[in-house]
Amino acid sequence: MKIDSPVTQYRSIWISDIHLGTRGCQVTQLLDFLKYNESENLFLVGDIIDGWRLKRSWYWPQEHNDVVQKILRKARKGTNVVFIPGNHDEFARDYVNHHFGGVEVVDRLIHETADGKRLLVLHGDEFDVVVRYAKWLAFLGDGAYTALLAFNGWFNKLRFALGRPYWSLSAYLKLKVKNAVKYIAEYEEAIAKAAAAENVDSVVCGHIHHAEIRDINGILYCNDGDWVESYSALVEHLDGRLELVFWAEPISVELPLSARKTVCAI
């Protein structure tokens, strides 16, 4: 018998790095998350659509269109939906300060939580020295990353056949390769420094596909992760508390909500 999982209501949800238009996008998990989680504010923090990949080869299955329709439906029903373009959907930066289907497009914003904290929200690619100063290298790295994700897909099919859970090789390598760890730390510190200059309490970003909440020199750094590897979102509870939600694979529609998600709170 199917278990009717309740919908969780938040004040705000931040998601980024969905990469619609790529085979690496975990669209099934994302649609499940959007179905069971509602909010007053939904912030799309960049790289929602992967324009880089779509320029090379077109890939747009119905499920990717379903995500767009689901988000637009939320906007029609009263959710405040704000889109902050990233480097992969930089084409949308030409439309900053415009509205489309009830979705507002902005470059960055400052959000005030229910308990009065001020959060700077931005995608974060401007603090990535590779993207900023050597875009050709970023394109090259994107190709290698895509190849790694393809291998990871085949690897996990074998794991599933053996009854093992999903495991991300690319995420593992990020945490084990010394240069990758250094890159992440420098990125986080640069963003926290920029947030301090804006006189805010916290910064919310995406871009590096590494979900985390931690204090950096008095600034609460929040990265909402991605929907390629970590299946994660940052949420604000009705009282202003911030929390990372990691959405487990919807292996069965009979799973209760508590079995679908894990959380990491500040």
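Here are the numbers for this structure:
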item	result
Ratio of the Cα radius of gyration of segment 22-109 to 2.2 N^0.38 Å, where N counts its residues	1.07
Karplus-derived 3J(HN,Hα), 6.51/-1.76/1.60, for each residue of segment 95-103, Hz, glycine and proline x	10, 4, 6, 10, 10, 9, x, x, 9
Above-threshold pairs, the threshold being 19 Å between Cα atoms, out of Lys35/Lys70; Lys117/Lys193; Lys35/Lys77; Lys77/Lys117	Lys77/Lys117
Approximate spin-label separation Asn97-Asp215, in nm, with each point projected 7 Å along Cα-to-Cβ	3.8
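Read-outs: derived from the displayed coordinates by stated rules, not from any lab. These numbers were taken from a predicted model, which means no experiment stands behind them. So basically every Cβ, Gly included, is an ideal-geometry build from the backbone, and we count neighbours across all protein chains shown.
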